[in-house]
């Protein structure tokens, strides 16, 4: 089986879409699937070794999001490629110009298409003063996804929200976590010492982009309140972004590590005690199960991954998305109770350890096979008329 993956982002870029696609692609290859990868030119021009064909198209950085590239429209090029090397199904992960080109080419050639809904555009638009564009974008996204044979979302709540807006053929494809990599045994005493944390000092961790769409102002306010509640608290922020300078001014004692990957990221997770995640822009948020698998007590809003995975006061703390003050209070209380955050962390590890990427990958492949079969049956039926 040959599958084409179309995305405006790909590893080693650090974001949830690239991470998820990397996991799914690896699983497809392990099952004997041949991959075509269609993406904008990577900065270093490198080729991905997983794909039989790694096709690079011209790309451009977004003005408001400079480290994200979108591909230029290239419908004719994709039509030529897929006439010569026809995939059995196409997965489109992003709805930028490249994604639209791929969808139009696929419809022209009658190749089945599955799309992924990975980004809450409403939240991003509001944070970048583009609220006026939300109605237009909603109509465009609904039109895009309804032209696909299936649309995959990571949570039941997201499926319901899209169906309420008129989306059709929406299915849930959950997210996994590498529970062997993200493990409490990765805890590193030397790393904690570098952070200035003694063996008994609580460490509050954030992992993600330092940008307004991540509710970063609330993060700063919460971290500061936690330190007032427990002066021995150590604040560690893993990531980077346009808000870093402002957050550093508001949290002068915080440790900023920049982006971390692989084993280094796993050590950062496991060496903390609590994970503070106020973002509401995620459709899922892979960092939540990663933190849980690492044995951290998570404080998050009742949204996306946290809504699916956490039971309040059992394996984490959940707060209503409208209650910013409640979020600050929950985190400030937690950092003063070592026995509580240790218990929640142990339960979080148990909850997350069953989230296998292999199982998710099998379901992903099943969706692709299903749309291929549906398309084949429809084509065969038409040919008999």
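The values are calculated or read from the model by the stated rules, or taken from the named source; none is laboratory data. What you see is a predicted model; the values in this text were computed from it and never measured. Glycine also receives a Cβ, built like all others from the backbone with ideal geometry; neighbour counts cover every protein chain displayed.
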Practice problem: Any chance you could count how many residues in the stretch 289-314 are within 13 Å of residue 344 (Cβ to Cβ) and either out of contact with any strand residue (DSSP E or B) (no Cβ under 6 Å at 6 or more places or on another chain) or buried (at least 22 other Cβ atoms within 10 Å of the Cβ) (or both)? | Solution: 15
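Listed here are the residues, each with its yes/no results for (1) without any contact (Cβ under 8 Å) to a residue 40 or more places away in the chain; (2) more than 24 Å from residue 260 (Cα to Cα); (3) in a helix (DSSP H, G or I); (4) touching a strand residue (DSSP E or B) at 6+ places or on another chain (Cβ under 9 Å).
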residue	(1), (2), (3), (4)
143	yes, yes, yes, no
152	no, yes, no, yes
176	no, no, no, no
185	no, no, yes, no
192	no, no, yes, yes
204	no, no, no, yes
210	yes, no, no, yes
218	no, no, yes, no
221	no, no, yes, no
Quiz item: Do any residues in the stretch 320-349 that are farther than 22 Å from residue 220 by Cα have Cβ atoms under 7 Å from those of residues that are in a helix (DSSP H, G or I), where the two are at least six apart or on different chains, and which pairs are they?
Solution: 340/334; 348/292; 349/184; 349/292; 349/293
Quiz item: Hey, any hits in the stretch 204-222 for a residue that's at pLDDT below 95 and in contact with a helix residue (DSSP H, G or I) (Cβ under 7 Å, 6 or more places away or on another chain)?
Solution: yes
Self-check item: Restricting the stretch 293-307 to residues that are in contact with a helix residue (DSSP H, G or I) (Cβ under 7 Å, 6 or more places away or on another chain) and not in a strand (DSSP E or B), the residue that is farthest from residue 206 (Cα to Cα)
Solution: 307
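Please state which one of 340, 280 is modelled with pLDDT under 95 and either in contact with a helix residue (DSSP H, G or I) (Cβ under 7 Å, 6 or more places away or on another chain) or assigned to a strand (DSSP E or B) (or both). Show your work before the answer.
Working: 340 fails: modelled with pLDDT under 95.
Residue meeting the stated conditions: 280.
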Practice problem: Would you check which residues across the stretch 361-378 are at pLDDT below 95 and out of contact with any strand residue (DSSP E or B) (no Cβ under 6 Å at 6 or more places or on another chain) and list them? | Solution: 373, 374, 375, 376, 377, 378
Practice problem: Scan the stretch 231-248 for residues that are in contact with a strand residue (DSSP E or B) (Cβ under 9 Å, 6 or more places away or on another chain) and either assigned to a helix (DSSP H, G or I) or surrounded by 17 or more Cβ atoms within 10 Å (Cβ to Cβ) (or both) and jot them down. | Solution: 233, 234, 235, 236, 237, 238, 239, 240, 241, 244, 247, 248
